[in-house]
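Here is the structure we will look at, set down as structure tokens.
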Amino acid sequence: MKRTILTLLIALAIVACSKEDIKKMEGKVDVTLYLKDAKGRALKNWTVYAYDQWAWEHKNGSKPTFHAKSMATDDEGKAIFTLSVDKFDEREVYHFVVYYNQNKQNLSGDDVTGNTLKTSKAVTLKSKDNAPITLQL
């Protein structure tokens, strides 16, 4: 009987929480990033990498090996990331990076070398109320 009541209470608690509440309990946050060229035009189908602070400090060379997540931009140059934020501090530093060549063509994976150009932006994410990020080449 006690197990049934406990199971019912847990089920009610889960149903009562919104998606945002569940994400916060899991330490997750949604972040929107807009990628633009020097003239402010959206760059579509570009791979954007997100590194947490530890991965950024310990990555070898410029290859995107320890990134937390990568996303491709849509037709509006927008990429939406769901990233982890420290549950106790309710904040985490991430570095958002795009790699490209001299002709402003996006590079990813093994195409990234020591001579690859990159644009990056460090952002402190909070557990709520994160403004959209704009990364411009």
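The values are calculated or read from the model by the stated rules, or taken from the named source; none is laboratory data. Keep in mind that what you see is a predicted model, and the values were worked out from it rather than measured. Every residue, glycine among them, receives a Cβ derived from its backbone with ideal geometry; neighbour counts consider all protein chains shown. These accessible areas exclude ligands, DNA and RNA; they are computed on the full protein's heavy atoms, side chains included. Shrake-Rupley method; radii C 1.70, N 1.55, O 1.52, S 1.80 Å.
Just the residues that are surrounded by 17 or more Cβ atoms within 10 Å (Cβ to Cβ) and under 15 Å from residue 137 (Cα atoms), please, taken from the range 35-60. Once the filter is applied, which keeps residues that are surrounded by 17 or more Cβ atoms within 10 Å (Cβ to Cβ) and under 15 Å from residue 137 (Cα atoms), the range 35-60 yields 35, 43, 46, 47, 48, 49.
Figure legend. Inter-residue proximity from the range 70-88: first residues touching a residue at least 24 places away in the same chain (Cβ under 8 Å) and aromatic (Phe, Trp, Tyr), second residues open to solvent by 50 Å² or more (accessible area, probe 1.4 Å) and assigned to a strand (DSSP E or B), beta-carbon distance below 6 Å, spacing 6+ or different chains. Indicated pairs: 81/69; 81/71.
Does residue 119 qualify as being modelled with pLDDT under 90, of a type in the set (Ser, Thr, Tyr) and assigned to a loop (DSSP other than H, G, I, E, B)? Answer is no for this residue. Checking residue 80 against (1) open to solvent by 80 Å² or more (accessible area, probe 1.4 Å); (2) over 12 Å from the mean Cα position of the chain (by Cα), which test does it fail? Among (1) open to solvent by 80 Å² or more (accessible area, probe 1.4 Å); (2) over 12 Å from the mean Cα position of the chain (by Cα), the lone unmet condition for residue 80 is (2). Can you confirm whether the range 60-70 contains a residue that is of a type outside the set (Lys, Arg) and at pLDDT 85 or above? Checked against the condition, which is being of a type outside the set (Lys, Arg) and at pLDDT 85 or above, the range 60-70 yields at least one hit. Where residues in the range 87-100 are under 16 Å from residue 49 (Cβ atoms) and not acidic (Asp, Glu), which of them is most open to solvent (accessible area, probe 1.4 Å)? Per the stated criteria, the residue is 93.
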